[in-house]
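Following: one structure in structure tokens, then a few remarks.
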Ligand code: HEC
Ligand code: HEC
């Protein structure tokens, strides 16, 4: 009797102890898993919150600043440093009124008295009014860094044609001369009424050497005053190897 009673007590105690240990282990695992889960979702939530604080119009302007190659002349974020002939925008930009900025982007600033120097291109026929609003918002916000608003990467070690195709996008040639150099962007007041293609029989008849194409890209061509869009002057902006890569790409385009 006594033996059984003692044995029953021991069994009860051991069972209780085991149950408590099991519950404690479960609680510990539960806490750990819960903690881990909360910890791992916390990071993306914070990132989303940070991104969401960027005004969508400012973000759109930052992406256009890259897409229209403003960044290739004025520097990433408008910090300058590309050419002594192109001003930085970080100081002056936010001080200009929206109307002044819109006017400079739509109409340019007139061509330089020295034809060997770059000028601010006329963008009114190429960039939409809504896009100019975005650019103005971005510049007036102080040209802040915006995630992913970076130029296309230029593939290295894959030949001049491949690099040139990417440079055609990076320098915004595509916005005026069209995908694959097909042309067609309206330029109503110009003699041809459109920005010329960089392909086809007429183009390759006139531009029958690499040197002729390179010279034209370097020196640009002023067709007339705004609202006429002229070919920007890229001398001092695009390096010689990049000019040669652009030509290698242009020579892959349709010849007829
Ligand atoms: C081919 C080079 C080039 C490109 C591309 C270019 N700019 Fe300019 N930009 C210039 C030059 C050069 C000036 C100075 C013109 C002058 O002082 O006559 C200028 C001036 C300006 C100014 C006036 C700055 C001041 O000091 O008053 C603004 C604003 C501006 N650019 C914005 C832009 C934007 C926005 C884009 C893209 C849509 C752009 N630029 C693309 C060359 C360029
Ligand atoms: C703002 C619009 C604009 C941009 C950006 C632009 N171009 Fe042009 N381009 C023109 C216009 C307008 C002409 C016509 C000039 C003329 O007929 O005198 C032209 C002419 C040319 C020509 C001579 C074609 C012909 O038939 O006269 C070449 C080559 C050329 N561009 C290459 C380029 C390259 C390469 C880029 C990029 C680095 C580029 N362009 C960027 C507007 C642009």
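The values are calculated or read from the model by the stated rules, or taken from the named source; none is laboratory data. In this text the structure is predicted, and so the values were computed from the model without any measurement. Because the Cβ atoms are built from the backbone with ideal geometry, glycine has one as well, and the counts that use them run over all protein chains shown.
Looking only at the range 101-125, residues that are more than 8 Å from ligand 1 (Cβ to nearest atom), assigned to a helix (DSSP H, G or I) and without any contact (Cβ under 8 Å) to a residue 60 or more places away in the chain come to 2 in all.
Just checking, does the range 172-179 include any residue being away from ligand 1 (no atom under 16 Å from the Cβ) and under 26 Å from the mean Cα position of the chain (by Cα)? Yes, some residue in the range 172-179 is away from ligand 1 (no atom under 16 Å from the Cβ) and under 26 Å from the mean Cα position of the chain (by Cα).
Which count do you get for residues in the range 242-253 that are in contact with a helix residue (DSSP H, G or I) (Cβ under 7 Å, 6 or more places away or on another chain) and not in a helix (DSSP H, G or I)? So that I can check it myself, show each step before the final result.
First, pick out the residues of the range 242-253 that are in contact with a helix residue (DSSP H, G or I) (Cβ under 7 Å, 6 or more places away or on another chain): 242-250, 252-253.
Okay, now just the ones that are also not in a helix (DSSP H, G or I), so 252-253.
Number of matching residues: 2.
Among the residues here, residue 74 qualifies as under 30 Å from residue 217 (Cβ atoms) and free of Cβ contacts under 8 Å to residues at least 40 places away in the same chain.
Please specify each residue of the range 147-194 satisfying the condition of being free of Cβ contacts under 8 Å to residues at least 40 places away in the same chain and in contact with a strand residue (DSSP E or B) (Cβ under 9 Å, 6 or more places away or on another chain). Those that are free of Cβ contacts under 8 Å to residues at least 40 places away in the same chain and in contact with a strand residue (DSSP E or B) (Cβ under 9 Å, 6 or more places away or on another chain): 183, 184, 193, 194.
Considering the conditions (1) in the same structural domain as residue 254 (by TED's automatic domain parsing); (2) more than 23 Å from residue 195 (Cα to Cα); (3) crowded, with 17+ Cβ neighbours inside 10 Å, residue 181 is excluded by exactly one of them, (2).
The set of residues in the range 88-126 being surrounded by 15 or more Cβ atoms within 10 Å (Cβ to Cβ) and out of contact with any helix residue (DSSP H, G or I) (no Cβ under 7 Å at 6 or more places or on another chain) consists of 96, 103, 104, 107, 108, 111, 117, 119, 121, 125. Flag: residue 223 matches the condition of being at pLDDT below 95, near ligand 2 (Cβ under 10 Å from one of its atoms) and closer than 23 Å to residue 118 by Cα. Taking the criterion of being surrounded by 19 or more Cβ atoms within 10 Å (Cβ to Cβ) and in contact (Cβ under 8 Å) with a residue 40 or more places away in the chain, the residues of the range 128-146 that qualify are 134, 135, 136, 137, 138, 139, 143, 146.
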